[in-house]
Amino acid sequence: MSWGKLGIFALGTLFGLEGIKILSSKDAKKVYTHCTAGVLRGKDNVLDQVTILRENCSDIYEDAKAINEEKYAKQADEAIGD
C-alpha cells in the first residue's frame, strides 16, 4: 500500500469522525428538530386537504346516484305509460 493511499484513508477517517461529531451536536439536533416539525406540519396540512377532497367526492358520488335514480324512475314511468 502506498503512502498516498494510506494518507487519503487517514484523512477520510478523520473527516468521517469529525463529521459524526458535527452531525450529533446540539445545533445539528436543533436543525433536525425544526425540520421534523416542519414536515409534521406539512403532513397535517396534506391530511386536512385529503379529508376535504374525500368529503367532496362523497357529495359528488351521492348526487350522481340521486340523478341516476331519478332518471331510472322517469324511464320506468315512461315505460309503464306506453
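The values are calculated or read from the model by the stated rules, or taken from the named source; none is laboratory data. Source: prediction; values computed, not measured. As a convention, Cβ positions derive from the backbone with ideal geometry for all residues, glycine included, and neighbour counts pool all protein chains shown.
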Self-check item: Pair list, Cβ under 9 Å, 6 or more apart: segment 1-23 residue without any contact (Cβ under 8 Å) to a residue 24 or more places away in the chain and part of a helix (DSSP H, G or I), other residue exposed (fewer than 10 other Cβ atoms within 10 Å of the Cβ) and not basic (Lys, Arg)
Solution: Phe9/Met1
Quiz item: Within segment 1-33, which residues are loosely packed, with under 10 Cβ neighbours inside 10 Å and modelled with pLDDT of 85 or more?
Solution: Lys26, Asp27
